[in-house]
Amino acid sequence: MNTLGIIAGGGRLPAQLVESCQATGRKFFVVALENAADMETVTHVPHALVRIGAVGEAIGHLRNAGVQEIVLAGSVRRPSLTSLRPDMMGAKLLARLGKAFFSGDDALLKAVVSFLESEGFKVVGSDDILRGLIAPAGILGKIKPDVRAEADIAHGIKAARALGEHDIGQAVIVENGYVLGVEAAEGTDALIERCGKLRREMQSGVLVKVKKPGQEMRADLPTIGIETVEKIHVAGFAGIAIEAGGGMILDKEKTIAKADALGVFVVGIK
């Protein structure tokens, strides 16, 4: 196995990739994005802290580490053009991005993947490395959605697909056939918190997360984890539906156990 380059944003996914490499003995190097990556994840492993606009510096670190394959992992808040301060290669990337910089996340990530591959790297999906975390189909855990929740899931799939068609987001929250909110730049956690204030009944309503139609599958797959389950519980919703085969469940066993303990259902949907 060649050396894996992990470009790390926020959240738990970069840590899971590091743990997987350590468990399998695969060499890796982490480029931790400044003001995004969790530094506890990278402090004791080979890494470099790089600001988002310093593209040439990041690629230099990856090449010096012998990286051939790259995985993009974790959330990153998109910077403004004025705060980006690109280096020479960053300016080259911006020129290549063009309108994609001002488009949805999927258009932007497709352009970034294309740029990295033009620089001689192979970009792989986190699901290629963490195959055990892909959401399977069916009810995951002991809690089952009731008839009302199943109807909300069906409605949520349609709403999320429509949202994804415009490259806006991957998630919606539906309660009793009514869409309480859709995910945009704020992310899933903020969506849950916002919609919790709009919920009309306790233990009703469902978070639905699906990939966007035509999505770049090597970046930004729909993802949930323990924190998602906890936030759903605190907000008073009934459960979570995530796309089977197209979404990831971080710390899968612990996440499902937590859902069972809190009375939250998790279901993989086709």
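The values are calculated or read from the model by the stated rules, or taken from the named source; none is laboratory data. Treat the numbers as computed from the prediction; the structure is a model and nothing was measured. Every residue, glycine among them, receives a Cβ derived from its backbone with ideal geometry; neighbour counts consider all protein chains shown. Side chains are part of the model used for accessible areas, which takes the heavy atoms of the whole protein and leaves out ligands, DNA and RNA. Shrake-Rupley method; radii C 1.70, N 1.55, O 1.52, S 1.80 Å.
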Quiz item: Quick one: net charge of Lys231's neighbours, Cβ under 10 Å, K/R +1, D/E -1?
Solution: -4
Quiz item: Quick one: Karplus J couplings for segment 148-156, per residue in order, coefficients 6.51, -1.76, 1.60, θ = phi - 60°, nearest Hz, x for Gly and Pro?
Solution: 5, 5, 4, 5, 5, 4, 4, 5, x
Quiz item: What are the residues whose amide H is under 5 Å from the amide H of Val76, where those residues sit 5 or more places off or on another chain and H is modelled from the backbone?
Solution: Gly10
Quiz item: Over the chain, what lengths in whole Å, largest first, do the semi-axes of the equivalent ellipsoid take, defined as the square roots of 5 times the eigenvalues of the alpha-carbon gyration tensor?
Solution: 33, 21, 15
Quiz item: In sequence order, what are the phi-derived ³J(HN,Hα) couplings for segment 249-255 according to the Karplus relation 6.51 cos²θ - 1.76 cosθ + 1.60 with θ = phi - 60°, rounded to whole Hz, with x for glycine and proline?
Solution: 10, 5, 6, 3, 4, 5, 5
Quiz item: Of Phe237, Ile226, Pro86, which is farthest along the charge dipole of the chain in the positive direction, counting Lys and Arg as +1 and Asp and Glu as -1 at C-beta?
Solution: Pro86
Quiz item: Amide H to amide H under 5 Å from His47: which residues, 5+ apart in sequence or cross-chain, H placed 1.01 Å off N in plane?
Solution: Val30
Exercise. Would you please name the trypsin sites (Lys or Arg not before Pro) within segment 28-107 that are DSSP coil residues with at most 11 other C-beta atoms within 10 Å of their C-beta?
Key: none
Exercise. Calculate what fraction, in whole %, of the accessible area of the chain sits on carbon and sulfur atoms when a 1.4 Å probe is rolled over the protein chains.
Key: 55
Quiz prompt | Exposure of Asp105 as accessible area (Å², to 10), given a probe of 1.4 Å and all protein chains | solution = 70
Quiz prompt | Integer Hz, Karplus 6.51/-1.76/1.60 couplings in order for segment 61-77, x for Gly and Pro | solution = 4, 5, 5, 5, 7, x, 6, 10, 10, 10, 10, 8, 9, x, 8, 9, 6
Quiz item: Once amide H atoms are built 1.01 Å from N in the peptide plane, which residues 5 or more positions from Asn176, or in another chain, come under 5 Å H to H?
Solution: Gly205
Quiz item: Accessible surface of Met39 in the full protein assembly, 1.4 angstrom probe, to the nearest 10 Å²?
Solution: 70
Practice problem: Can you check what the net charge comes to around Gly53, using other residues whose Cβ is under 10 Å from the Cβ of Gly53 (Lys, Arg +1; Asp, Glu -1)? | Solution: -1
